[in-house]
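Enquirer: Got a structure here, written out as structure tokens. Questions coming.
The values are calculated or read from the model by the stated rules, or taken from the named source; none is laboratory data. Please read these numbers as outputs of a predicted model, since none were measured by experiment. Note: ideal-geometry Cβ built from the backbone for every residue, glycine included; neighbour counts use all protein chains shown.
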Amino acid sequence: MKFVLIDKITAFEPTVSISAVKNVSLAEEYLADHFPIFPVLPGVLLLEGLIECGSWLVRQGQNFAHSMVLLETARNVKYKSFAAPGMQICYTVQVKTLEQNASSFAGEGFCGREPIVEARFTLRHFNLADENPRMARVDGQIIESMKQRWKLLYQE
């Protein structure tokens, strides 16, 4: 199962910050198990929303130079409330550092005025071909896919 945990980018300042929204729907299949009587978005997926925002800052800030943008560390993660079906999460992520192969961020998520999640995290970024040149074609396919997704998420 592959998750996309932001629905729309609402504000974007290259190499500085990004804001996005996620609408929580009862149709999301993981809510059937988490939890059937009290369905809420799992905390790890709240964090993933922040990570996805940070990955767009990397991709745009480095002109889609890397196919892989992955979580390296997450620190000071605080879950402050629940996000249930029908709620909209508003994420904001700021760049702390944006370097060639690793970047750091601080982010938070709110439902209305209520804080839901906050974290500091580091992402590493690379291409598969860095280790195996035969993977260059796969890198290109992933990068092209991410460029297309960007066009769907951010309407300038």
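Enquirer: Looking only at region 103-156, how many residues end up being of a type in the set (D, E, K, R), under 19 Å from TRP56 (Cβ atoms), outside any helix (DSSP H, G or I) and modelled with pLDDT of 95 or more?
Expert: The qualifying residues number 4.
Enquirer: With (1) over 16 Å from ALA11 (Cα atoms); (2) free of Cβ contacts under 8 Å to residues at least 60 places away in the same chain; (3) surrounded by fewer than 19 Cβ atoms within 10 Å (Cβ to Cβ); (4) of a type in the set (Gly, Ala, Ser) as the list, and SER103 as the residue in question, which single condition is left unmet?
Expert: (3)
Enquirer: How many residues are modelled with pLDDT of 95 or more and not in a strand (DSSP E or B) when one looks only at region 87-102?
Expert: Here the count works out to 3.
Enquirer: Related question: Being among the hydrophobic types (A, V, I, L, M, F, W, C) and in contact with a Pro (Cβ under 6 Å, 6 or more places away or on another chain) is the filter; apply it to region 10-50 and report the residue that is modelled with the highest pLDDT.
Expert: Only one residue tops the list, namely VAL24.
Enquirer: Conditions first: (1) surrounded by fewer than 19 Cβ atoms within 10 Å (Cβ to Cβ); (2) in contact (Cβ under 8 Å) with a residue 24 or more places away in the chain; (3) farther than 27 Å from GLN148 by Cβ. ILE37 passes all but one, so which condition is the exception?
Expert: Every condition holds for ILE37 apart from (2).
Enquirer: Also, I was wondering about something else. How many residues are without any contact (Cβ under 8 Å) to a residue 60 or more places away in the chain and in contact with a helix residue (DSSP H, G or I) (Cβ under 9 Å, 6 or more places away or on another chain) if we restrict to region 107-121?
Expert: Qualifying residue count, region 107-121: 3.
Enquirer: Farther than 30 Å from ALA136 by Cα, under 13 Å from the mean Cα position of the chain (by Cα), surrounded by fewer than 19 Cβ atoms within 10 Å (Cβ to Cβ) and hydrophobic (A, V, I, L, M, F, W, C): does that describe ALA27?
Expert: So ALA27 fails the test.
Enquirer: Any idea which residue in region 109-156 is surrounded by the most Cβ atoms within 10 Å (Cβ to Cβ), counting only those that are of a type in the set (S, T, N, Q) and within 22 Å of PHE12 (Cβ to Cβ)?
Expert: Ranking the candidates gives THR122 first.
Enquirer: Within region 91-100, can one find any residue that is under 25 Å from PRO42 (Cβ atoms) and among the aliphatic types (A, V, I, L, M)?
Expert: yes
Enquirer: VAL69 - would you say it is crowded, with 19+ Cβ neighbours inside 10 Å, free of Cβ contacts under 8 Å to residues at least 60 places away in the same chain and assigned to a strand (DSSP E or B)?
Expert: yes
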